[in-house]
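The values are calculated or read from the model by the stated rules, or taken from the named source; none is laboratory data. Everything numeric here is computed off the predicted structure, so don't read it as measured data. Backbone-built Cβ (ideal geometry, glycine too); neighbour counts: all protein chains shown. Ligands, DNA and RNA are stripped out before the accessible areas are found, and what is left, the full protein with its side chains, is counted by its heavy atoms. Shrake-Rupley method; radii C 1.70, N 1.55, O 1.52, S 1.80 Å.
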Amino acid sequence: MRRIFFLACLSIASITQLQAQDLHFSQFFNNPLLTNPANTGFIPDADYRLGASYRNQYSIIMSVPYQTFSVFGDAQVMRNRIENGWLGLGGAILRDVAGAGSLTSTKIYASVAYHQMLGLSSLVTAGFNIGWANKRIDVTKLTFPDQFDGHFFDATLPTQVQLAANSVSYFDMQAGMNYAYFPDENTFINAGYSIHHVNHPQESFFTDNGSGVNRVAMRHIGFINGIFKVAENVIINPNIYYTTQATASELVGGLNGALNLSENGEKQLIAGLYYRLGDAIIPVVGLEINNIRFTFSYDATMSSLKSFNHTFGAAEFNVLKKGFYNEYFGDKRQFMCPTF
């Protein structure tokens, strides 16, 4: 009975909740443009990068698991035209399909950021993005609380739940700032803060009653990370990430490590461990070959939800490619972060 009730709540929560929370990835550090638009073109060890992520959540307890996809790309431009600075241009696409009702979110963003060096060891950045978002649902695949007959949910029973529309679209905007400090070739420290849904867009399948509760709550994200070369063949990357939106919040902290397996870092072994407060332990493993990094993470649920999903919260896969416009130009560029 508890299991049936839990599955029912997951199926309908996304359309009955008045202030929904955003989608997220456990590998937030591999989705920089979704974390902060000021990260656009903020690439300490390359000229451009391309990335893609896939997340599968609740596959143990849901007949149709939550699936989230993202792709992004960004690049540094005008490095030779702006004294001690440059522009970052990029874009991201995010798509999520959730639950039996095929609640589908599609978001497309274009972003720009300005980066300015402060002396030889500091960098400050400001950026923003604008985009289009759409959310739609197939109501014919859903059942509601008033269709529960005491034993099962019966879709043939009448329901009082009425939607004004099965699809909503809106304009969205984010803004953020970054600061980086790199006093020597073995040390890099970065902190940033961003506000998402600055324009407070309306998102609801129900009729607007003028109360404003159907608007997307602003989301605040703050992070701090470091990259430290602690040995000739070892670089560590600690991260702390915090976000809050409406009544929800998330705090994640942990550490990645890279072990050089070749002469100049063409091959690297990646391993890490993170913890989402009150929710999950997240181990990370990966491999980098010729500036293409593959990483896999697994959310091992530690909360009371583990009684339902047997600790299997989510699996996540990311691929990230970095590069230079000219393969020889990288040898002349001053790297801001430690490299092999």
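Just for region 36-52: of the residues that are farther than 10 Å from Gln76 by Cα and at pLDDT 95 or above, which one is most open to solvent (accessible area, probe 1.4 Å)? I'd like the intermediate steps shown before the answer.
At the first step, the residues of region 36-52 found to be farther than 10 Å from Gln76 by Cα are 36-39, 44-45, 50-52.
Pick out the ones that are also at pLDDT 95 or above and you get 36-39, 50-52.
Working: Asn36: 1, Pro37: 0, Ala38: 0, Asn39: 12, Leu50: 98, Gly51: 8, Ala52: 33 Å².
The residue in question is Leu50.
Which one is farthest from the chain's Cα centre (by Cα), of the residues in region 30-58 that are among the aromatic types (Phe, Trp, Tyr) and assigned to a strand (DSSP E or B)? Step through it out loud before you land on a result.
Of region 30-58, the ones among the aromatic types (Phe, Trp, Tyr) are 42, 48, 54, 58.
This time we only want the ones that are assigned to a strand (DSSP E or B), so: 48, 54.
Working: Tyr48: 19, Tyr54: 11 Å.
Ranking the qualifying residues of region 30-58, first place goes to Tyr48.
So that you can scan it fast, the table gives a plain yes or no per residue for (1) touching a strand residue (DSSP E or B) at 6+ places or on another chain (Cβ under 8 Å); (2) assigned to a loop (DSSP other than H, G, I, E, B); (3) surrounded by fewer than 14 Cβ atoms within 10 Å (Cβ to Cβ):
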| position | (1), (2), (3) |
| --- | --- |
| Ala165 | no, yes, yes |
| Met173 | yes, no, no |
| Gly192 | yes, no, no |
| Ile195 | yes, no, no |
| Asn199 | yes, yes, no |
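Within region 236-245, can you find the residues that are touching a residue at least 24 places away in the same chain (Cβ under 8 Å) and either surrounded by fewer than 16 Cβ atoms within 10 Å (Cβ to Cβ) or touching a Ser or Thr at 6+ places or on another chain (Cβ under 8 Å) (or both)? Show your work before the answer.
Step one: filter region 236-245 for residues touching a residue at least 24 places away in the same chain (Cβ under 8 Å), giving 237, 239, 241, 243-245.
Across region 236-245, the qualifying residues are Tyr241, Thr243.
For region 327-338, how many residues are open to solvent by 50 Å² or more (accessible area, probe 1.4 Å), modelled with pLDDT of 65 or more and closer than 18 Å to Glu288 by Cα?
Going through region 327-338 one residue at a time, the tally reaches 0.
Tally up the residues in region 99-121 that are in contact (Cβ under 8 Å) with a residue 40 or more places away in the chain and either out of contact with any Pro (no Cβ under 9 Å at 6 or more places or on another chain) or not in a strand (DSSP E or B) (or both), please.
As a first pass, look at region 99-121 and keep what is in contact (Cβ under 8 Å) with a residue 40 or more places away in the chain: 99-101, 103, 105, 107, 109, 111-113, 115, 121.
Remaining after also requiring either out of contact with any Pro (no Cβ under 9 Å at 6 or more places or on another chain) or not in a strand (DSSP E or B) (or both): 99-101, 103, 105, 107, 115, 121.
The total comes to 8.
With a cut-off of at least 3 residues that are modelled with pLDDT of 95 or more and among the aliphatic types (A, V, I, L, M), name the strands (runs of 3 or more DSSP E) lying wholly within region 219-326. Show your work before the answer.
On the way: elements: 219-231, 234-245, 248-260, 267-276, 280-289, 292-301, 312-323.
Strands (runs of 3 or more DSSP E) meeting the threshold: 219-231, 234-245, 248-260, 267-276, 280-289.
Which ones in region 122-153 are open to solvent by less than 40 Å² (accessible area, probe 1.4 Å) and assigned to a strand (DSSP E or B)?
Residues satisfying the conditions are Ser122, Leu123, Thr125, Gly127, Asn129, Gly131, Ala133, Asn134, Lys135.
Anything in region 63-89 that is in contact with a helix residue (DSSP H, G or I) (Cβ under 7 Å, 6 or more places away or on another chain) and of a type in the set (Phe, Trp, Tyr)? List them, or say none. Steps first, answer last, please.
Of all residues in region 63-89, those in contact with a helix residue (DSSP H, G or I) (Cβ under 7 Å, 6 or more places away or on another chain) come to 70, 72, 74.
Phe72, the sole residue that qualifies.
Just for region 122-149: of the residues that are free of Cβ contacts under 8 Å to residues at least 40 places away in the same chain and more than 12 Å from Leu103 (Cβ to Cβ), which one is nearest to the chain's Cα centre (by Cα)? Walk me through how you get there before you give the answer.
Step one: list which residues in region 122-149 are free of Cβ contacts under 8 Å to residues at least 40 places away in the same chain, which gives 134, 136, 138-140, 146-147, 149.
Narrowing the set further to residues that are more than 12 Å from Leu103 (Cβ to Cβ) leaves 140, 146-147, 149.
Numbers: Thr140: 30, Asp146: 35, Gln147: 36, Asp149: 39 Å.
For region 122-149, the residue satisfying everything is Thr140.
Residue under question is Gly88, and the condition is that it be assigned to a strand (DSSP E or B) and farther than 20 Å from His24 by Cβ; does it hold?
For Gly88, the condition - assigned to a strand (DSSP E or B) and farther than 20 Å from His24 by Cβ - is met.
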